[in-house]
Amino acid sequence: MTTDTLLKQELRRARTMGIVFLVFAVGILLLFVPGTTAGQRTTFTFQASRGEALALPPLTFATLTGLYVLAILTAFLGAWQIARGFRNRNLVLGIVALLFVLAFLSWAASDKSMNLTGMLQSTLLRAIPIILAALSGVMCEKSGVVNIGIEGMMLSGAFLAALLGSLTGSEWGGLLAALFGGGLMAALLAVLAIKYKVSQVVAGTAINILATGITSYFSSRYLQTNAALNSPPTFKPIAIPLLSKIPIIGPTLFNHTLVVYLTLILVVVIHVMLNYTRWGLRVRAVGEHPRAADTLGINVFKTRYINVILGGMVAGLGGAYLVLSSVARFDELMTAGKGFIGLAAMIFGNWTPFGALGASLIFGFADSLQTKLAILSVPIPSQFLLMAPYLVTMIVLAGVVGQSRAPAADGQPYEKE
């Protein structure tokens, strides 16, 4: 491929991106401006839902003026992208998407008040189980094992967290039980996929069906009829001194339960372990070229077993969060597809911990947004609002097909010669 051809392709991509930006600007003008009158005003507040963070004054502005300003800014970025181009198009795309979201929120909160700090808190909290599911997928697939069974591992972790937490009267007992439950289901997946070389998709689906059946049976048979078995204690929020007082950032990041902090720490730890340690180098070698790794003396089977079980324990932590940091009880099918959304976040994040974190926050925002819009009585059918997180999942997956690259040996059983 010649240099001229590459330059033409790059120019075509830049112009296409610019046109997309202009479409966002036109969307603001066509979707939000027509239903807004000159006298309507939008108010954004910045109050923490818990804690005593320093308060910022509310931001009030004319809705119509705000929409025009956001549309003009978006159109300017689009025109500049077409004429000159930006070095970092993905960053500018994120800014344009943010401007569009702000326009939507301004329209939705017209003549009403919306608490942005509370919404950011809700976004993070709703993203936590998705982040853990995505990290579980990263751990497994970096070693070459596709983990479709994350949903079942989370469900098992949630069930044991509720049961053992209730029996021991300790949230720590519930947390350890959740890790064990997720790890146990992962060990079963590892045996099926690694030792017996069962199709990894089929094995993961079997794990989901098994976990759903077992937890549903014991829940209806024992937990729902005996409240003492389904009343675990929960972790209390821990406010980080000084940091929790920072407006907006403080209540969003530094006033949460232990599991939330563990999740954010895990993102950093897994990133460092995978990219800057000998262990991570071995894992990536096994996931990319297991035969070459075996030739160099790396135990492919052992590496995959360890990673899958660790990934299952991370998924179990996600189940523990749902019970011990959220609802303080187990309900049948309470994971509600978060394991599968986590897989989508993993793919969108290009099989990296920080990428998975960012993608999970997008899904968490969509989930939080549908709840907020229902409270604001926005003229959008409730059924469409409930579909929002799953609709975003489909759009994201459609957008990244062919652009993300999985580990080369992902999903391929290894046969030692």
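The values are calculated or read from the model by the stated rules, or taken from the named source; none is laboratory data. These numbers come from a predicted model, not from an experiment. For neighbour counting, all protein chains shown are included, and Cβ atoms are generated from backbone atoms with ideal geometry for every residue, glycine included.
Condition (residue is at pLDDT 95 or above, under 26 Å from Met139 (Cα atoms) and in a helix (DSSP H, G or I)) applied to the range 216-233: is it met by at least one residue? No: zero hits.
When you go through Gly137, Gly144, Gly149 one by one, which is the residue that is crowded, with 24+ Cβ neighbours inside 10 Å and under 14 Å from the mean Cα position of the chain (by Cα)? Give the derivation first.
Working: Gly144 fails: under 14 Å from the mean Cα position of the chain (by Cα); Gly149 fails: under 14 Å from the mean Cα position of the chain (by Cα).
After ruling out the rest, the residue left standing is Gly137.
Screening Leu243 with (1) within 19 Å of Leu132 (Cα to Cα); (2) at pLDDT below 95; (3) hydrophobic (A, V, I, L, M, F, W, C) gives one miss only, at (1). Look at the range 300-312: where a residue is assigned by TED's automatic domain parsing to the domain that holds Val138 and in a helix (DSSP H, G or I) and a partner is surrounded by fewer than 23 Cβ atoms within 10 Å (Cβ to Cβ) and of a type in the set (Ser, Thr, Tyr), sitting 6+ places away or on another chain with Cβ atoms under 8 Å, you get Val300/Tyr414; Phe301/Tyr414; Arg304/Tyr414.
Here Val272 passes the criteria (1) among the β-branched types (Val, Ile, Thr); (2) outside any loop (DSSP other than H, G, I, E, B); (3) surrounded by 14 or more Cβ atoms within 10 Å (Cβ to Cβ) except the one numbered (3).
Determine which member of the set Ser219, Ser244 is buried (at least 20 other Cβ atoms within 10 Å of the Cβ), in contact (Cβ under 8 Å) with a residue 40 or more places away in the chain and touching a strand residue (DSSP E or B) at 6+ places or on another chain (Cβ under 8 Å). First the steps, then the outcome.
Values: Ser219 fails: touching a strand residue (DSSP E or B) at 6+ places or on another chain (Cβ under 8 Å).
After ruling out the rest, the residue left standing is Ser244.
In the range 144-160, the residues that are in contact (Cβ under 8 Å) with a residue 60 or more places away in the chain and within 11 Å of Ala211 (Cα to Cα) form Cβ pairs under 9 Å with partners that are of a type in the set (Lys, Arg) and assigned to a helix (DSSP H, G or I), at six or more places apart or across chains, as follows: Ile150/Lys338; Glu151/Lys338; Met154/Lys338.
Is it the case that Leu167 is in the same structural domain as Ile347 (by TED's automatic domain parsing), touching a residue at least 60 places away in the same chain (Cβ under 8 Å) and in a helix (DSSP H, G or I)? Considered against the rule, which asks whether it is in the same structural domain as Ile347 (by TED's automatic domain parsing), touching a residue at least 60 places away in the same chain (Cβ under 8 Å) and in a helix (DSSP H, G or I), Leu167 comes out as yes.
Filtering the range 324-362 down to residues that are among the aliphatic types (A, V, I, L, M) and in a loop (DSSP other than H, G, I, E, B), which residue is surrounded by the most Cβ atoms within 10 Å (Cβ to Cβ)?
Filtering first and then ranking leaves Met334.
If we scan the range 115-126, do we find a residue that is in contact with a strand residue (DSSP E or B) (Cβ under 6 Å, 6 or more places away or on another chain) and surrounded by fewer than 21 Cβ atoms within 10 Å (Cβ to Cβ)? The answer is yes, given that some residue of the range 115-126 is in contact with a strand residue (DSSP E or B) (Cβ under 6 Å, 6 or more places away or on another chain) and surrounded by fewer than 21 Cβ atoms within 10 Å (Cβ to Cβ).
Only one entry of Arg89, Arg126, Arg84 meets the criterion of being without any contact (Cβ under 8 Å) to a residue 60 or more places away in the chain and of a type in the set (D, E, K, R), and that entry is Arg84.
Find the residue count for the range 235-269, including only residues that are part of a helix (DSSP H, G or I) and either touching a Phe, Trp or Tyr at 6+ places or on another chain (Cβ under 8 Å) or of a type in the set (A, V, I, L, M, F, W, C) (or both). Outline the logic, then answer.
Quick first cut of the range 235-269, residues part of a helix (DSSP H, G or I) only: 243-245, 249-253, 258-269.
Of the ones still in play, those that are also either touching a Phe, Trp or Tyr at 6+ places or on another chain (Cβ under 8 Å) or of a type in the set (A, V, I, L, M, F, W, C) (or both) are 243-244, 249, 253, 258-260, 262-269.
Going through the range 235-269 one residue at a time, the tally reaches 15.
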